[in-house]
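For reference, the structure is listed below as structure tokens.
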Amino acid sequence: MLTAKGIDALQLAADARRQRKLAQIAEVVGLARAAEEYHVTRSDVQDAVEQVAQEAALTGRLGAPAVGEFFALEAAAVLGISPGAMFMKLHSILSVQHRHPLMWQRFLAGELWWHEAAEVEDLCSGLTLEAARRVDELVDVARRTLAWSTVVQRMPHYIALASPDEAQRQRQRQAARRHVRVSQFEHGSARIDDLLDARDAVDFEGAISELAKRLPDPDDPHAVLTADDKRQIRRAAAVGELARAALGQDALPTHTLVVHMDATDPALDSDDDGTGAAWVEGWGTLLSEDLPRFLAGSKVTVRPVVDIRRLAPEHQHDPSVPLRFAVQQRHPAEVFPYGTRPSKSCDLDHIEPYRDDGTPGQTRPGNLAPLSRRVHRAKTFGGFTLRQPAPGAFHWRTPSGWEFVVDDLGVHRITSPPRSCLLYTSDAA
């Protein structure tokens, strides 16, 4: 039985959960209303249409509005999330609002968490408006008597009832999504995520199980391992054995990896038994003492740290390989507020537009910024402005007046547009 203080503490937790749900409703409704208020000019569309055509169009679900590209970028900066996450969030909000009206009302009433509504919306993304609303009705009935996890498990059944044709298409799409992906490193290990044909999965399982039987048990004096632990470790080791046996070690494809180490790393000193941490670009962290085994049989090229301040300005439009590498190392991700796209997959944009009049020194570290194509369009056509008042500091201003500085310490909001009381007074009225 709880004490009085325990009861107060539990009630505090319950109140906090309620407040979190109310805050979630306010955030989603705010984004929905802001999206309704967003407008683009005719010249904006005409200027951007050529570049937008080069990428997949951002369209809404059937029966739901499309997401405004420049609005999504501004909203991402203001809310402090990545542009990609904001596009997905806005797609879900507009789709639930217009295609799943019952779930939308249940969410506004506090009966559903947003991630629950968004999960159903995502599973129904290929449905017609009529079928989506039929699933909306089925889910609304089921959620009253079933746990939400059970409702999600039964979603393929509800979709098949609402649209047998879509159920067949989903089966075909699932086959087209089959994959095997290897994750980044986690403490010297990596995860494999896969979706296989049923027969291939059975054969793979059989091969791994048989090969694992032939491998020795792991020998780790610092770990207490059960028989099942040892079996699973052997199965994990069997994956590598299977890969090397398939083609032969010499026939395996090559990879170019960039490994970052500090010059003071203990592993570089033969008289030091300590270890540091090495960062493998695109994969993650390894203890530096594990590098000899990890890089065994590899060709290793040692490059000193590049001092970007000593790189000479260049005259051509496209930066040289050393300059591009240096800028990418200084800015691993695009420099839009809360941007997450790796700079290696971005363009190096000239902050002051490049002039074709032959002016020397335009391509220099202080005038280059890694930007995705979407952000570049927003800067060129969407009313976003970018300056670099100091090396490595990027000053952004959104069309509506928010201002941010992005530097090596993070993202800093420095100015917000004036607040209007109209939103609140109209509601009160």
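The values are calculated or read from the model by the stated rules, or taken from the named source; none is laboratory data. The structure presented is a predicted model; accordingly, all values stated were derived computationally and were not measured. Cβ placement follows ideal geometry from the backbone for every residue including glycine, while neighbour counts extend to all protein chains displayed. In case anyone asks, the SASA skips ligands and DNA or RNA and just uses the protein heavy atoms, side chains included. Shrake-Rupley method; radii C 1.70, N 1.55, O 1.52, S 1.80 Å.
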Inset, instruction - Give the residue that is most open to solvent (accessible area, probe 1.4 Å), with candidates limited to residues of region 144-193 that are part of a loop (DSSP other than H, G, I, E, B) and within 30 Å of residue 291 (Cα to Cα). - result: 187
Legend entry - Verdict on residue 35 being at pLDDT 95 or above and of a type in the set (Gly, Ala, Ser): no
Inset, instruction - Look at region 94-123 and say how many of its residues are of a type in the set (A, V, I, L, M) and within 18 Å of the chain's Cα centre (by Cα). - result: 1
Inset, instruction - Name the one entry in 146, 108, 112 that is modelled with pLDDT under 90, closer than 24 Å to residue 20 by Cα and of a type outside the set (Gly, Ala, Ser). - result: 146
Inset, instruction - Look at residue 291 and say whether it is in contact with a Leu (Cβ under 6 Å, 6 or more places away or on another chain) and either among the aromatic types (Phe, Trp, Tyr) or open to solvent by less than 50 Å² (accessible area, probe 1.4 Å) (or both). - result: no
